[in-house]
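The values are calculated or read from the model by the stated rules, or taken from the named source; none is laboratory data. Since the structure is predicted, the reported quantities are computational estimates derived from the model, not experimental observations. With ideal geometry, Cβ positions are generated from the backbone for all residues, glycine too; neighbour counts draw on all protein chains shown. Each accessible area value is taken on the protein alone, full model and side chains, heavy atoms only, with ligands, DNA and RNA left out. Shrake-Rupley method; radii C 1.70, N 1.55, O 1.52, S 1.80 Å.
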Amino acid sequence: MALHPRRNYIIRRASNLSKESHIIAANIDQALLVVSLVRPATNSEFIDRFLVTAGAYHIPAAILLNKSDLYTTGELQQERARFIETYTRAGYDVVELSASRGEVLRINPARARRQETRTEATSGLGGDADSGSGAGTSVMSGMGTEPLLERLRDRVTLLSGNSGVGKSTLIRAIDPSLEVRVGEVSDAHHKGRHTTTFSEMYPLAEGGWLIDTPGIKGFGLIDLDGAEIARYFPELFRLAPGCSYYNCTHTHEPGCAVKEALSRGEVSLSRYESYLKLLDDDEKYRR
């Protein structure tokens with residue numbers, strides 16, 4: 001075993017106002033956050049805090065929307081569509097999958113990247129983002145976990161999420177030879193029971209490493225100044241140059257491009273509310 005220089009890491013502060021924090025993993029090539037809309041439903045603020053932290057430490061992140069086979073009612077289908085719209089528009093890939101069935105159902109690429117792919121297609125540099133081939137491929141049903149394995153191959157990947165969202169089931173679907181305990185979701189509280197109590201790093205048969213983390217309930221930020229937070233909301237950062245003030249906080253200033261986009265429905269209200277809560281948290285921690 002060798003000790004390698006630390007080139008990046010992802011860290012979380014306790015979700016209360018304590019000073020406690022711990023590094024979850026280091027030297028990561030990418031982070032995949034497993035979430036679900038039911039049994040249990042993942043809180044959007046938790047998702048946004050994780051994504052901001054990954055961005056702040058220069059770790060590319062994507063979202064794995066698990067239990068997609070359970071989204072059968074009209075209400076859940078609408079919730080699924082809103083979720084995918086929110087995060088692909090923000091700038092994140094959303095991979096729909098069913099870990100229990102061992103299948104990736106669809107990959108929804110980040111809208112900004114999808115637009116770039118379309119531009120390349122027009123100029124003859126790439127494939128059509130919606131044609132089913134090339135970098136913008138979205139429909140993957142019937143290919144098992146292969147589309148996900150492609151993302152994992154020869155990379156160090158952090159796999160995180162709340163308890164009960166199906167991380168352990170997913171790892172076993174990716175590589176059945178790995179001995180990972182699978183827990184059940186509480187019928188009374190619709191929350192997962194912890195099966196992973198410490199981070200563990202698994203070698204993948206087809207190359208790469210997967211870091212499984214314990215189920216995380218809260219995710220407090222650390223080492224991030226309030227003035228920097230908007231940089232790690234990609235959709236806000238893209239709009240910021242249009243603000244009247246170079247140091248606009250996107251909260252009260254006149255001529256704010258972010259607030260104007262919010263009023264037009266071009267920025268998700270839930271994402272904007274997460275941003276405001278992070279600003280408020282920053283003030284509390286610094287008192």
Determine, yes or no, whether residue 175 is at pLDDT 95 or above and either of a type in the set (Asp, Glu) or touching a helix residue (DSSP H, G or I) at 6+ places or on another chain (Cβ under 7 Å) (or both). no
In the range 47-75, what residues are at pLDDT 95 or above, part of a helix (DSSP H, G or I) and of a type in the set (D, E, K, R)? 48, 75
Looking only at the range 43-63, which residues are closer than 16 Å to residue 213 by Cβ, of a type in the set (Ser, Thr, Tyr) and open to solvent by 20 Å² or more (accessible area, probe 1.4 Å)? 57
Identify, please: which residue in the range 128-165 is of a type in the set (D, E, K, R) and modelled with pLDDT of 75 or more and is, among those, surrounded by the fewest Cβ atoms within 10 Å (Cβ to Cβ)? 154
Looking only at the range 242-262, how many residues end up being touching a helix residue (DSSP H, G or I) at 6+ places or on another chain (Cβ under 8 Å) and modelled with pLDDT under 95? 1
